[in-house]
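Scroll down for the structure; my scribbles are underneath it.
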Amino acid sequence: MMSFSEIEIVSKRASKSKGYSWGISEEIGKSVRLLEMFNLPGISTLNQYLKKISSNHPKKLKNIDKTNKSDGEICPIYTGVSILDNCNQIQEFKVIKFFNMNYPLLIIPFLSRSSEIVNKQICLNLNDCKYILNSNKTILTNIEKSGDFENASELTIEFLENKNLFTDIEWKELYKMSEDTFVPETESLKNSAAGAGLTDND
Amino acid sequence: MHNINLRHPENVMKLSRLGSFHQSKLSFLRSFIREFKYWEFKRDIFELDKNGYGVAVYSVRKNRRVYSLICFSQHINANERSDRVIATKWDAAFVLHDGVPNQNDIERLKQNVPRQEIGRMSSKELALSRANKSVRIFDHVINALSIGNQPDINFLNKVGYLYRTTAVYGSGKFGLADRFRIKDRREICGPFRLEMMLVYLVRQFTFDQINHISKMKNPEQSVKLDKKIARNLGIGNSTGLGMAPFIVNHPTLLHQWIYNREKALKEIRLIKQVSQKEINHFKFCLEKSKKNIDTWYTDSDYQNKKIESLKNDLKKFEEYFLTIDYLSKNNFWNEIYLWIDKHLEEECSEYLISMMMEPYDRIIEPLVKNMSSDEEKYFNIPASRKILDLKEIITSKYKSILKINFKEKRSNTFFWFISKNKEEPRIANRFDEYGSDLEQPLAIARDINQLYQKILKENLSRTVADFLSDNDELRHIIRRIFISEKFQYSEIQDNTISESLVPIDMLRLKLSFFGAQKFDPKSDKWLRICMYQGAPLADEIKNSDDTWIFSSVN
């Protein structure tokens, strides 16, 4: 078995060899490590993508908009880095769409890290699969095994507002149960158990 | 009273000074001995043949935690014995296993550990190493012991060890456990603690092996190696350029090491009143250590000049030191430090700074716990900040680097690369050799300058994110600049590709934090050192004190 440190360093070097700068390659190394740690096929996807772009290095999107199309296929790495660098601003879009993105699994680690920076969950929809990225701590998905998707004709990123999943009634019912751990205050306890004085008009 | 501050990074982080660092109480092999003093050391398996070839297992345990060193020793021909990383066979190979290995583990490791880089370890293994005999010393000791004599101490002192390691690997290399799996264990919170454990146990193996071979050679007459002599032997190490990129690639860790050393110095300088006991301790260590210096043999002119400068300056220092009425002085150590800084070369200054830490466990021990760092926490670039911020950080943190003229050929002489054959770092002259297009990102000073020149033409209110969208090639350096904003000692304030670069300065910096002694450069790119010379043996460690480092050869 390869260690995560080996996975990171080999991914970094392989990416550099295919035309990414050292700084971007460092990001790719961390990303593939993260994918593999979350049991997603990082090495396999990167391998296929780097082979694909070997003779035709991808272009970057000029900037990230609410809807993003390109003449050719969109690079998940440059796009991921751009989202990461601009996540504080682009979260205002709430929902961002990309069309025709290559090997979209590679964008997941950048979204996962962005989720930590903006302190919001990010929901990613691609090819009928859904991933919820939670502050770079967990990745939830509705599929049993992520494939190394070659392309996403449409990919949607949604910055989820922080809100509770439960109703007010559910909260109140649970709170009521929690009250059973409190001691009812008798007159005697009122006088002796608290720290402050009984009159504080002095 | 003087203002007593941390020394400025522009002063400390110069390679000539970093290359003059010496071991100290903060060094990892010394803190290892202190941390593991009350652990139980055992030899669990010792299945060697009459020539000392076979398998041995040593364990270190406390409560439910066990670490085991598995040693494999074998016969190799003289022409196969090489300290270079290109070697493929070694006299002995070692692996540190997490827990107690079962027979299957030992069999699996037997197939892999002696092959080193081309073998595969598992996440149950923590560190990997190999070593070669110092043949002249090894044979001399066996010949002496087997006829009932002890070896010639003067001869042993010239080398200082029976074996020297040629690499010690950890942190996920060749399938070893990733550091994140174990980093929260309290006993190994210090950097390289497992590597230090491995080397310490290897040392014990070398003594047991040599006693065993001597006995097998002549059961009637042989004697065991005298403990006092054994204590005086450490483990050698041959180290090449592999260590140099490490300190560039781990900026927050480098900061922690240097910052804690500087903090120790500052706190010592701030001591209002010294006690007689503290002065006596300092004098004791100084006196003992001088004898050590006499055993630092090297053929290197570069190192001999350093040793000569150290000896001369120590004489000067002692003359001065004897004249001071230390008990009547306020901030005595500060006065000493200021004198040292003014009158002595870097080699001796740094030697004495290390020595000043000796009486002060109360200052050093809390710092030892802060010698690690979590680099990952600082990986993200705060890209919403402005180019103006970047410019201000560069002008305040990289002043001397900005003065280097990279238009001059001599400022660009070298390039760092990874060799295809051994996947190890190398350095070469970019104007003479092929390969500079595959340069590693270790020319920090040059890249800082390149970024700065670009920034001078930029709109300063532009965000870093926006700037990065057009300047991918500077991303790695921008990451570092934001790290250096938080960590003042994270950067070497020198040019790592300059014509005047002495790469072993970078190695020595790291080795001094390991606790290495007897720096013996074999060229400007590799050197031999000695570790644990004078250290207590495994059965003495409980009763040892921290002055053992000065006890060798005395």
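Which value, in debye to the nearest 20, gives the size of the charge dipole of the protein assembly as shown about its Cα centre, when Lys and Arg are +1 and Asp and Glu are -1 at the Cβ?
Dipole of the protein assembly as shown, to the nearest 20 debye: 1560 debye.
How well do other chains shield peptide B:170-178, expressed as the mean number of their Cβ atoms within 10 Å of each residue Cβ?
4
Roughly speaking, what is the stretch gain from B:Asn405 to B:Glu433, that is 0.36 nm per residue apart minus the C-alpha to C-alpha distance, in nm to one decimal?
Gain on stretching B:Asn405 to B:Glu433: 7.8 nm.
Lysines within cross-link reach of B:Lys228: Cα-Cα under 21 Å, excluding same-chain residues under 8 positions apart?
Within the straight-line limit of under 21 Å, B:Lys228 reaches these lysines: B:Lys37, B:Lys42, B:Lys133, B:Lys158, B:Lys215, B:Lys288, B:Lys290, B:Lys291, B:Lys518, B:Lys542.
Work out the FRET efficiency for B:Lys110 and B:Glu40 from their Cβ-Cβ distance, taking R0 = 22 Å, and round it to the nearest 0.05.
Efficiency for this residue pair is about 0.30.
Which is the longest run of chain A containing none of the GluC sites (Glu not before Pro) found in DSSP loop states (not H, G, I, E, B) with at most 11 other C-beta atoms within 10 Å?
A:1-143
What residue among B:Phe192, B:Gly148, B:Gly160 has its Cα farthest toward the positive end of the dipole of region B:139-241, where the charges are +1 on Lys, Arg and -1 on Asp, Glu, each on the Cβ?
Highest projection toward the positive end goes to B:Phe192.
I'd like the orientation of helix B:332-343 relative to chain B: the angle between its Cα long axis and the longest Cα principal axis, in ° from 0 to 90, rounded to 10.
Rounded to the nearest ten degrees, it is 80.
Give me Rg/Rg_expected for the protein assembly as shown, where Rg uses Cα atoms only and Rg_expected = 2.2 N^0.38 Å with N residues.
The protein assembly as shown yields a ratio of 1.09.
Take peptide A:80-88, look around each residue's Cβ out to 10 angstrom, count Cβ atoms belonging to other protein chains, and average those counts.
Neighbouring Cβ atoms belonging to other protein chains average 5 per residue here.
Assuming a strict under-19 Å limit between Cα atoms, what lysine pair count do you get for region B:375-486 once near-sequence pairs (fewer than 8 apart, same chain) are dropped?
Counting lysine pairs in region B:375-486 gives 20.
Tell me, how many Å apart are the Cα centres for region A:63-127 and for region B:512-554?
53 Å
Treat every Asp and Glu Cβ in region B:1-124 as -1 and every Lys and Arg Cβ as +1, leave all other atoms uncharged, and give the resulting dipole magnitude about the Cα centre to the nearest 20 debye. Could the numbers behind the result be given before it?
Numbers: 22 positive and 13 negative charges, 103 e Å.
With Lys and Arg at +1 and Asp and Glu at -1, about 500 debye.
Accessible area of chain B with a 1.4 Å probe: how many percent of it is carbon plus sulfur?
Within chain B, the accessible surface is 48 percent carbon and sulfur.
Accessible surface of B:Thr547 in the full protein assembly, 1.4 angstrom probe, to the nearest 10 Å²?
Approximately 20 Å² of B:Thr547 is accessible to the 1.4 Å probe.
How about region B:232-322: which trypsin sites (Lys or Arg not before Pro) there lie in a loop by DSSP and see at most 11 other Cβ atoms within 10 Å? Mind showing how you got there, number by number?
On the way: sites: B:Arg261, B:Lys263, B:Lys266, B:Arg269, B:Lys272, B:Lys277, B:Lys283, B:Lys288, B:Lys290, B:Lys291, B:Lys305, B:Lys306, B:Lys311, B:Lys315, B:Lys316; in loops: B:Lys272.
For trypsin sites (Lys or Arg not before Pro) across region B:232-322 that sit outside H, G, I, E and B with at most 11 neighbouring Cβ atoms in 10 Å, the list reads B:Lys272.
State whether chain A is rounded, prolate or oblate according to the following rule on the C-alpha gyration tensor (a ≥ b ≥ c being the square roots of its eigenvalues): a/c under 1.5 gives rounded; otherwise a/b larger than b/c gives prolate, and the remaining case gives oblate.
On the way: a/c = 2.77, a/b = 2.50, b/c = 1.11.
Judged from the Cα gyration tensor, chain A comes out prolate (a/c at least 1.5, a/b above b/c).
Ranked highest first by the average count of other Cβ atoms within 10 Å around their residues, in what order do B:523-532, B:184-193, B:332-341, A:52-61 fall?
B:523-532, B:332-341, B:184-193, A:52-61
Picking from A:Asn164, A:Asn102, A:Asn86, which is most flexible by a Gaussian network model of chain A using Cα springs under 10 Å?
A:Asn164
Just to be sure I understand the model, the point goes 7 Å from the Cα along the line to the Cβ. What's the resulting B:Asp325 to B:Leu537 distance in nm?
If labels sit at B:Asp325 and B:Leu537, their model points lie 4.9 nm apart.
Roughly what angle does helix B:387-397 make with the longest principal axis of chain B, taking Cα atoms, 0 to 90 degrees, to the nearest 10?
60 degrees
Compute the separation of the alpha-carbon centres of region B:268-318 and region B:111-147 and state it in Å as a whole number.
Each part reduced to its Cα centre gives a spacing of 34 Å.
Among A:Asn162, A:Asn68, A:Asn119, which one shows the highest mean-square fluctuation when chain A is modelled as a Gaussian network with alpha-carbon springs under 10 Å?
Result: A:Asn162 has the largest fluctuation of those listed.
Could I have the simple spin-label model distance between B:Ile153 and B:Asp294, label points 7 Å from Cα toward Cβ, reported in nm to one decimal?
So the two model labels end up 1.1 nm from each other.
Hey, for a label at A:Asn136 modelled as a point 7 Å past Cα toward Cβ, could you say which residues of region B:232-267 have their backbone N under 17 Å away?
Answer for this model: B:251-253.
Modelling each spin label as a point 7 Å along the Cα-to-Cβ direction, I'd like the A:Lys145/A:Lys60 distance in nm, to one decimal.
A separation of 3.7 nm, rounded to one decimal place.
What does the charge add up to near B:Leu176, with Lys and Arg as +1, Asp and Glu as -1, over the other residues with Cβ less than 15 Å from its Cβ?
Details: positive: B:Arg108, B:Arg115, B:Arg120, B:Lys124, B:Arg130, B:Lys173, B:Arg179, B:Arg181, B:Lys183, B:Arg193; negative: A:Glu6, A:Glu8, B:Asp98, B:Asp105, B:Glu117, B:Glu125, B:Asp178, B:Glu195.
For residues surrounding B:Leu176, the net value is +2.
The values are calculated or read from the model by the stated rules, or taken from the named source; none is laboratory data. Note that the structure is a prediction, hence the values are computed from the model and not measured. FYI the Cβ positions are ideal-geometry reconstructions off the backbone, even for glycines, and counts take in every protein chain you see. Note: accessible area is taken over every heavy atom of the protein model, side chains too, but ligands, DNA and RNA are not part of it. Shrake-Rupley method; radii C 1.70, N 1.55, O 1.52, S 1.80 Å.
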